[in-house]
Amino acid sequence: MSTNSEVADIKPPAINVGVLGWVRSHLFNGALNSIATIVVLLVAMKFIPQFVQWAFIDSVWFTSGQECHEAAGACWSVVTQNIRFNVFGYYPYEHQWRPLVAMIILVLMLIYSRDWKKWNRRLGYLWLVALFVMGLLMKGGLFGLISVETTKWSGLPLTLLLSFFGILASYPLGVALALGRQSTMPVIKAFSVVYIELIRGVPLITMLFMSSVMFPLFLPEGVTIDKVLRAQVAIIIFTAAYVAEVVRGGLQAMDQGQYEAAESLGLNYFQKMRLIILPQALKIVIPPTVGVLISAFKDTSLVVIIALYDILNTTKSILNVPEWTGFSTEAYIFVASIYFVFCFSMSQYSRYVESELEYKAEEK
Amino acid sequence: MHQFKSLFIGCTLLLSSAGLVFAGNGDTLKAVQAKGYIQAGVNGDLFGFGKADQKGVWKGLDVDTARAVAVAVFGNFKDRVRYTPLTAKTRFTALQSKEIDLLTRNATQTLGRDTSLGLDFVQVNYYDGQGFMVPKSLGVKSAKELGGATVCVLPGTTTEQNAADFFRSNNMDWKTVTIESTAELSQAFFAGRCDVMTSDASQLAGIRASSPKPDTYMILPDIISKEPLAPAVRHGDNQWKDIVNYAVLTMINAEEFGITSKNVDEMAKSKDPKIQRFLGVTAGNGKALGLDEKFAYNIIKQVGNYGEVFERNVGVNTPLGIERGLNALWTNGGLMYSPPFK
Amino acid sequence: MVTTNEKSAVKTRFWNDEKTRGIIYQVVTAMLVAFIGYYLIANVQDNMAKQSIASGFGFLEKEAAFEIGEKSIEYSAADSYGRALVVGVINTLKVSLIGMVLTTMLGTIVGVCTLSSNWLLSRIGTIYVEIFQNIPVLLQLFFFYALFYEAFPGPRQALNPVSGVFISNRGIDFAVPAQHFAWSYVVTAFLAACVIAFFIARWAKKRQERTGWQFPSFWVGLGLLAGLPLLTWVVCGAPTELDIPALKGFNFQGGQNISPEFSALLIGLVLYTASFIAQIVRAGIQSISHGQTEAAMSIGLKTKHVLSLVIFPQALRVIIPPLTSQLLNLTKNSSLAVAIGYPDFVQVAGTTINQTGQAVEGVALMMLVYLTLSLLTSVFMNWYNKKIAIIER
């Protein structure tokens, strides 16, 4: 043993610090972990070079389909050569800047309003203006913009449209249902419960089937509803049930004292809910709500099955062109990355809100 | 709560104003004239019959049929037809529910469909039969050799039933792969998921034309069924049915008279009373159908006669390369026959 | 205050009375719903009558006249629609049940991985979760299905990794024991062993609680499960003949086949759902305070016992409710089979609707079947949840 004064001078063994130390404590701590690390590394060494070779080294990027068939690696040309059709679908070719601008506005608005502390009346009006502008850009018919019928809306704009309005409209409906389920009035409660459980019990595809196959029979003689709108309604009805369950969680998490305090102030039911309960309850359920919204976004891809041309279906349509048949891996990877970007940023957002909320809770 | 409520009401109003269309009481012609276009249900995935290119321009025999109807009603087809791509499964309900005014989606006329699906078929625009397509490398020469094969077939079609009957009556074993979208199914077939694909012969030709290597596939000579493909309209609207019916027949009759889109102007000067009546030089036919007297002239001028439409979309000089066969005029040994226009 | 009270006691306008108002609200809602319901049904009847669309469930008896690619019970095109629908339900159940088991296993493994002290494993776990969670399951299904038929060769050039197993774009064909009366007895023996092992375990647990004596019920159970079927097999004459798939004509004949459609559906559903379950498992384990681990270790339990006796039983209570809803999602998502051609219930029902034109009945059947499945799953999971809930002593 050394004396105390010398201890300070002895450096820790090289194997415990620096890169080596990190490797040891993170990768080779214990026999089992060492084996796992080695297995993972071996597998990675076998597949990653293969993938890199395929995706980058041997790949072709801007060729015709014919040359693609001769290339050894990935054919990214299937994406680059068809990008406009893939993203905008059947929207008139020379007017495709319009949905592009509309989508940019939407994304900018979403980024601008990400902070829930900024949510106020002014932002609401700003959204109304933005929605109007976007609608105008898509539909046209005013200010010299050529009118484009909704049946031609396809690709990414359709995906975003279905999800955005699906989310927007299902939210209030979901809140109303959650309040209904918590209500003391048996009839209203029963209806809400039946609605929520019925919808949550069946797959979305049956709802879409219903909207495309059965729902038209429910309408009176002479009334028809646009196919896109029917799918939209099915998505709204479906998502609302899930929103309702999340909101119910928030309502139940509220302290009973809040209800009593509100009542003792003499507020009636609507005032109590609007001013006291909902603002708090909805705030604490922002993270799970975003989860539901992510699902809703992903679920819009199901409209493929009822032959709407969302971005997944335009991709499939490209793969059906003789020149591009057989490059589905590349095309699907491209669409998957688009979905990933949207969903991943939403889930990161929900994590950010979650940490904000936790931080606040701790501050109190 | 109040804000939510008003938002909700706002959304509902917005949505309903965007999508609700009132189509009148079963009077399809009036409804179509009022809205200014025909909503036609088409295939969407099938080369030669109904498919849009990447710019959104629709092409095909069924598409031209819808255009002929539009010309009959409006005098031209530009922006007068809107197309709804439908799957085999959704096509009849789309018609029942008035989502579309006219179904031209290579649908086979059968007694069952005519009577229990709430629709009426009109003049057949393509006489077809069910066939089998195989890769040449398989070395099969007849459908009778297909015992034990895996067969790609579209679900919910008459072909699915015919194939079941065929294999059953020939005591052959088989396996099915059924995928609803023509595109997905044909991709699976090209990749070798099935040995055989069965469908209407015309559809097989269309699918073969969409393959990366069309000459590696062959359509077997066996035809196992009758598939009269006809446009359909809703049951109970006789005027509309007549219009669609005679729009198709106009194209057939025009070919019989030798009138084409090129020579229709000259033919209009013809002294033949039959042709004068047909082209509306002598009035009568148009009024009877509730259309413009020039409807036949317009159809031929803008869409063409049946022969032109056939050759343009599916004929021997197209990638589909189909002979006229049953679809030749009756005078040439085919089945295309039009009643007199008088 | 007093005055207001007196006033209201004297005369309350009936619309100001909370109870009356509640009743009015409810009556109005009920009437509204009833009216809308009546209106819709009347429309349906009207539309169907006008277009002479058939109605009722009589079609279930009629001959279906279409073939189904995969079936677990006898079925041919000559059978009725009713039987075809049953085949569809069984196919749905098959893929859902197998999917549930696999996805729970995979999800648990990945969940534990993300918490691993091994940096590589936890990274891979996290990346897996992020990727598979954020891509629509339908897209994943298309991807795996296309991969399956584009990547594997035709049956004539089938891969043959192990003797008796063939992989081609027709699926996986593998050898199974040839038909012999012994096998049905072996299965019976196995089931019997399951039941006996279950009762032994229960008895052993009770005895341990009463007396503290331990009984090696795990090893005894394992022995029973392996031994009893083996014994039966030997007694029945130990048949060893195998039914080996062989290329005859177009396809493999004999053996057992797992189709590409089924595989793609199963793989897609399992990978997608497992990414959610991994998160649930991780959250569940993290919810157990570290003090529990320390306490368990301090009383001398081994690491595996710490996990199996202390952490997991507690984490399960947090895990079960969200796990249930994920397993339900898997069942519901199995309906996407229709897009890649696996003949599940939705596809068979869809074909039935198309052939009979009876959309209302068909969609009603679809909803009924899925509601029943959902209900059964949640009843079972609720029962299980109650069983493992903390028993207050």
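Rule-based calculations on the coordinates, nothing more; no lab input. This one's a predicted model, so the numbers in the text were calculated from it and none came from an experiment. Cβ atoms come from the backbone with ideal geometry, glycine included; neighbour counts cover every protein chain shown.
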- Item | Coil-residue GluC sites (Glu not before Pro) of the stretch C:285-393, DSSP, other Cβ within 10 Å capped at 14 | C:392
- Excluding residue C:94 itself, what net charge comes from residues whose Cβ is under 15 Å from its Cβ, given Lys and Arg +1 and Asp and Glu -1? -2
- Message: Using DSSP to call loops (not H, G, I, E or B), can you name the chymotrypsin sites (Phe, Trp or Tyr not before Pro) in the stretch A:265-364 whose Cβ has at most 10 other Cβ atoms within 10 angstrom?
- Response: none
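Rounded to the nearest 500, what is the 222 nm mean residue ellipticity of chain C from helices alone, with -39500 (n - 2.57) per DSSP H run of 4+ residues and division by all residues?
-23000 deg cm²/dmol
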- DSSP-defined antiparallel bridges as percent of all bridges, the stretch B:130-225, nearest 5: 50 percent
- Task: Give the long-range amide H neighbours of residue B:177: residues separated by 5 or more places, or on another chain, with amide H under 5 Å away, using H modelled in the peptide plane at 1.01 Å from N.
- Result: B:151, B:152, B:153
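If you restrict to DSSP beta bridges whose two residues both lie in the protein assembly as shown, what percentage is antiparallel, to the nearest 5?
Among the beta bridges of the protein assembly as shown, antiparallel pairing accounts for roughly 70 percent.
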- Average beta carbon contacts from partner chains per residue of A:183-189, 10 Å cutoff: 4
- Query: Within the stretch C:31-82, which GluC sites (Glu not before Pro) sit in a loop by DSSP and count at most 15 neighbouring Cβ atoms inside 10 Å?
  - Reply: C:74
- Between A:166, A:18, A:140, which gets the highest mean-square fluctuation from a Gaussian network model of chain A, Cα cutoff 10 Å? A:18
- Query: Ranked by Cβ crowding within 10 angstrom, fewest neighbours first, how are A:83, C:196, A:237, A:10 ordered?
  - Reply: A:10, A:83, C:196, A:237
- Once Lys and Arg get +1 and Asp and Glu get -1 on their Cβ, which of B:278, A:145, B:121 lies farthest toward the positive end of the dipole of the protein assembly as shown? A:145
- Note on the structure: Taking Lys and Arg as +1 and Asp and Glu as -1, residues besides residue A:91 with C-beta under 13 Å from its C-beta add up to +2
- Distance check, please: which entries in B:35/B:294; A:316/B:51; B:271/B:342; B:144/B:226 exceed 20 angstrom between their Cα atoms? B:35/B:294
- Exposure proxy order (Cβ contacts within 10 Å, fewest to most) of A:347, A:154, A:192, B:142: B:142, A:347, A:192, A:154
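Report, as an integer, the average count of C-beta atoms from other chains found within 10 Å of each Cβ along C:355-367.
So the per-residue partner count for this stretch is 6.
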- Task: Set the Förster radius R0 to 41 Å, insert the Cβ-Cβ distance between residue B:171 and residue C:147 as r into 1/(1 + (r/R0)^6), and round the FRET efficiency to 0.05.
- Result: 0.70
- Task: Only helices at least 18 Å long along their axis, Cα-based, and averaging -1.0 or more on Kyte-Doolittle count here, so list those DSSP H runs from chain A.
- Result: A:31-52, A:97-112, A:121-139, A:156-182, A:186-201, A:227-253, A:286-299, A:328-363
- Excluding residues fewer than 8 places away in the same chain, name every one of the aspartates and glutamates whose C-alpha is closer than 13 Å to that of residue A:117. A:356
- Message: Cut-off under 16 Å on the C-alpha distance; same-chain residues fewer than 8 positions from residue A:189 excluded. Which lysines are left, in chain and number order?
- Response: C:19
- Item | When each of B:30/B:301; C:94/C:332; B:59/B:141; B:241/B:262 is checked by Cα-Cα distance, pairs over 21 Å | B:30/B:301; B:59/B:141; B:241/B:262
- Rounded if a/c is under 1.5, else prolate if a/b is larger than b/c, else oblate: which is the stretch B:55-211, with a ≥ b ≥ c the root eigenvalues of its Cα gyration tensor? prolate
- Item | Residue order, fewest to most beta carbons within 10 Å, for B:152, C:194, A:343 | C:194, A:343, B:152
- Under 18 Å Cα-Cα from residue B:287, which aspartates and glutamates qualify once same-chain neighbours fewer than 8 residues away are excluded? B:27, B:237, B:242
- Query: What is the Cα centroid distance between the stretch B:55-94 and the stretch C:260-321, reported in whole angstrom?
  - Reply: 56 Å
